[in-house]
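K.L.:
Following this message is one structure expressed as structure tokens.
Read the figures in this text as sums done on the coordinates, not as results from a lab. What you see is a predicted model, and the numbers here were worked out from it, not measured in a lab. A quick note on method: Cβ atoms are made from the backbone with ideal geometry, for glycine too, and the neighbour counts reach across all protein chains shown.
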Amino acid sequence: MYRLIIKSYRISLILKGLSFYILNHLNALTNKSMGLIKEFKDFAVRGNVVDLAVAVIIGAAFGKVVSSLVKDIIMPPIGLLLGGVDFTDLVVVLKEAFVDPAGEEMAAVTINYGTFIQFTVDFAIVAFAIFMIVKVINNLKKKEEVAPTTPPPTVNKTEILLEEIRDLLKTK
């Protein structure tokens, strides 16, 4: 897992260096009033592109980890509870395998609903993990919004005295 993070970090550094190399060579073109290229340069320099690339790489690795978790750890006990069923073997055969007149073996035509069940469990786990990450981030944002409350301004004695004098003058 750490190797994957290090590789994704190295890839992000390579992408960042490549983008800066390209953008530096694009400076000559932007000086010739090419607005589209300048706009692209501004977009790429902001770092959003590199952050997105890193997120995609880490997301792909996370998907592989979850797939392995479902395939190798979660589904075997569920299959055992259901009577020793291997979910990847659950299929509906539409047409049996056969040998054609030319001697070639033709594969069976099947609907692999067991694989679909496994991928559905994969999706549910990934969706739940993403939900929990978003929930934590939203809670952190709420705490940040609530935290900067300032105490009410203190009123000094002179202001209080002046307000009392004003109120007395209004009553007369």
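K.L.:
Using Cα centres only, tell me the gap between segment 63-78 and segment 128-145 in whole Å.
P.N.:
Measuring centre to centre over Cα atoms gives 26 Å.
K.L.:
Which residues among segment 108-122 fall inside the zone where the amide N is under 17 Å from a point 7 Å beyond the Cα of Lys95, along Cα→Cβ?
P.N.:
The answer is 108-112, whose backbone nitrogens lie closer than 17 Å to the label point.
K.L.:
Also: Determine the alpha carbon to alpha carbon distance for each of Lys64/Lys141; Lys64/Lys135; Lys41/Lys71; Lys71/Lys95; Lys41/Lys141 and list only those over 32 Å.
P.N.:
With Cα atoms farther than 32 Å apart: Lys41/Lys71.
K.L.:
Further question on the same structure: Mind listing the long-range amide H neighbours of Thr110? Cut-off is under 5 Å, sequence gap 5 or more, other chains count too, H placed in the peptide plane at 1.01 Å from N.
P.N.:
Distant-sequence amide H within range of Thr110: Leu94.
K.L.:
If you average the sequence gap of Cα pairs under 8 Å that are 6 or more apart and divide by the length of segment 86-147, what percent do you get for the contact order?
P.N.:
28 percent
K.L.:
Working only with C-alpha atoms, what are the Rg and Dmax values of segment 86-147, expressed in angstrom?
P.N.:
23.2, 78
K.L.:
Just to be sure I understand the model, the point goes 7 Å from the Cα along the line to the Cβ. What's the resulting Glu163 to Thr115 distance in nm?
P.N.:
7.6 nm
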